[in-house]
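Step one of this worksheet: look at the structure below.
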Amino acid sequence: MTPLKEVPIASFPLERFQTLVGERWGEVETAMRRAREIFAGRVVWHVNSTARGGGVVELLTSLLAYARGAGVDNRWVVINAGPEFFRVTKRIHNNLHGSPGDGGPLGVDERQVYEATCEQNARELASVVRSSDVVFLHDPQTAGMARMLRETGVRIVWRCHVGLDLPNDDARRAWDFLRPYTEDADAYVFSRRDFVWDGLEDHNVWIVPPSVDAFSPKNQDLDPPTVDAILDVAGLREDHGNGAPVFQREDGSPGRVDRTAEVVGGAIPAGAPVVAQVSRWDRLKDPAGVLRCFAEHSELPDAHLLLAGPSVNAVADDPEGAEVLDEVRELRESLGAGAARRTHLACLPMTDVEENAAIVNAIQRHAAVVVQKSIAEGFGLTVAEAMWKSTPVVASGRGGIKDQIVQGESGVLIDDPLDLDAFGTAIEGLIADPTRAAEIGVAARERIREHFLGTRHLTQYLDLLDELIS
Ligand code: UDP
């Protein structure tokens with residue numbers, strides 16, 4: 001059995017960004033020329049642990065396609081790993097976010113499980129890379145591959161998408177576990193300065209915040225009748241308008257939403273203001289806290305809450321999804337009939353990831369307010385996605401969310417993610433004041449256009465790789 005799975009990468013023209021970036025287009029053209037020179041004959045490999053679900057997949061799907069469109073030979077491979085490995089790496093992931101996760105150890109046995117899988121995958125990759133190539137290892141799941149890959153002479157970048165503003169003992173324990181592996185990387189990329197581990201050599205550290213793809217099915221413009229039609233077909237909202245549930249696929253061909261979500265609580269009545277959080281079913285996203293906040297800490301008699309996430313069996317590297325969804329479902333039942341009538345839990349179909357993305361797009365556009373109540377957050381792509389759609393966001397002032405939202409201008413930050421009253425009051429305020437909500441929405445879109453589009457992201461990677469190679 002081949003351990004690694006290669007994920008197909010599309011090719012998108014960067015020219016799409018010309019109208020969005022305005023006078024900065026000249027810089028993008030210069031960068032494209034440089035990229036073609038630097039990468040001639042080289043392959044840039046990206047290795048991660050899943051081809052479906054979560055922010056890393058979202059980023060790789062679009063960034064690698066744009067880089068390919070600009071003439072760079074990128075490849076994307078996904079490691080093969082079993083449930084034991086993912087239990088260990090989920091623990092590391094939670095620890096890196098400062099949470100104990102399942103509370104289990106990170107000792108000798110866990111190292112054995114981790115190293116065996118990493119070595120098996122690294123051996124396979126080492127047989128196809130050349131010394132002039134570059135390998136990006138994404139997140140804790142792949143860090144352990146660096147040592148064996150190093151022997152091939154290839155340059156290695158470890159890209160860590162997770163982190164914590166104020167590290168605690170859990171985070172340090174995960175660093176200690178990973179450190180011997182990451183030492184074999186030539187450069188480290190973090191989403192923000194605060195996430196950089198103690199003891200890493202500063203000149204090897206790069207800070208590169210993520211970005212959104214303005215043209216993907218997740219973020220492309222959809223007009224209101226289309227949004228309504230998508231939500232109707234997906235079983236999320238009662239509306240029998242005359243729009244068609246259509247979107248444009250990544251390759252430019254037409255797409256249509258046909259599948260329904262599994263919705264606890266049924267469809268939301270047309271006309272009701274919607275408060276939504278879209279996230280993997282993960283305790284660090286605190287869906288239970290959002291539910292409690294909506295039901296017990298806000299006065300929104302007409303509004304409905306939609307908690308949406310991927311179908312729980314679809315995300316290979318996230319073994320806790322089903323458990324978390326069960327917890328949220330039980331909490332919803334315990335809140336009584338009044339709350340149950342106005343709260344909806346949706347597992348979105350993942351069979352066709354572009355269809356899934358179009359449904360997420362419609363939710364983020366339709367919502368009166370998008371919430372992201374993360375206890376810890378690496379970046380929080382869902383925040384940028386909603387902001388790009390001019391939807392006002394109320395989010396925890398944690399991690400990369402703080403870099404996206406300018407407090408009170410392009411969204412509302414709540415300092416303490418556990419402060420349910422503060423979340424409730426902020427959501428109520430935006431629903432009661434549509435003029436302010438709209439102003440925040442306009443500023444939010446501009447903030448993303450200015451700082452968080454793929455062209456900025458790719459140019460930063462180009463600078464990094466240029467330095468590494470030369
Ligand atoms: N997402 C999705 N379908 C879902 C739920 C989430 O495509 O049903 C996407 C979401 O739109 C975002 C990504 O998963 O692009 C989550 O990224 P984020 O940075 O918010 O969190 P992560 O999952 O990486 O912790």
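Within the chain, which whole H helices from DSSP have a Cα span along their axis of at least 27 Å and a mean Kyte-Doolittle hydropathy of -0.5 or more, if any?
For the chain, where a helix must reach 27 Å along its axis and average at least -0.5, there are no hits.
Show me, for the stretch 273-286, the HN-Hα J-couplings you get by feeding each phi into the Karplus relation (A = 6.51, B = -1.76, C = 1.60, θ = phi - 60°), rounded to Hz, glycine and proline as x.
So the Karplus estimates, Gly and Pro as x, are x, 10, 9, 10, 10, 10, 6, 4, 7, 9, 4, 5, 8, 6 Hz.
Roughly what percent of Cα-Cα pairs across the stretch 1-150 reach past 25 Å?
39 percent
Evaluated at 20 °C with a viscosity of 1.002 mPa s, what Stokes-Einstein diffusion coefficient in µm²/s does the stretch 301-435 have when Rh comes from the Kirkwood expression over alpha-carbon pairs? Mind showing how you got there, number by number?
Numbers: Rh = 16.0 Å.
This corresponds to a translational diffusion coefficient of 134 µm²/s.
Mind grabbing the base-10 log of I(q)/I(0) for the stretch 390-461 at q = 0.23, 0.24 Å⁻¹? Debye formula, identical points on the C-alpha positions, no solvent, two decimal places.
-0.99, -1.04
Please report T50, T19 as a ranked list, fewest other C-beta atoms within 10 angstrom at the top and most at the bottom.
Ascending number of Cβ neighbours within 10 Å: T19, T50.
Ranking R237, R283, R329 by Cβ neighbours within 10 Å, fewest first, what do you get?
Fewest-to-most ranking of R237, R283, R329: R329, R283, R237.
Tell me, what is a quarter of the convex hull surface for the C-alpha atoms of the chain, in nm² with one decimal?
20.9 nm²
What ranking do H240, H304 get, fewest neighbouring Cβ atoms within 10 angstrom at the top?
Lowest to highest Cβ neighbour count: H240, H304.
Given only helices, namely DSSP H runs of n ≥ 4 each adding -39500 (n - 2.57), what is the per-residue ellipticity at 222 nm of the chain, to the nearest 500 deg cm²/dmol?
It comes out at -13000 deg cm²/dmol, rounded to the nearest 500.
Are there GluC sites (Glu not before Pro) in the stretch 369-470 that DSSP puts in a loop and that have at most 13 other Cβ atoms within 10 Å, and which ones? Write out the running numbers ahead of the final one.
Numbers: sites: E377, E385, E409, E428, E439, E446, E450, E467; in loops: E377, E409.
Here the GluC sites (Glu not before Pro) that fit, given the DSSP loop and packing criteria, are E409.
Loop-only check: which trypsin sites (Lys or Arg not before Pro) in the stretch 63-170 are DSSP coil with at most 15 other Cβ within 10 angstrom?
For trypsin sites (Lys or Arg not before Pro) across the stretch 63-170 that sit outside H, G, I, E and B with at most 15 neighbouring Cβ atoms in 10 Å, the list reads R130.
Looking at the stretch 262-338, which GluC sites (Glu not before Pro) are in a loop (DSSP not H, G, I, E or B) and have at most 16 other Cβ atoms within 10 Å?
Numbers: sites: E262, E296, E299, E320, E323, E327, E330, E333; in loops: E299, E320.
Taking the stretch 262-338 and a limit of 16 other Cβ atoms within 10 Å, the loop GluC sites (Glu not before Pro) found are E299.
No value in this document is a laboratory result; all are computed from the given coordinates. Given the structure is predicted, the values throughout are model-derived calculations rather than measurements. Every residue, glycine among them, receives a Cβ derived from its backbone with ideal geometry; neighbour counts consider all protein chains shown.
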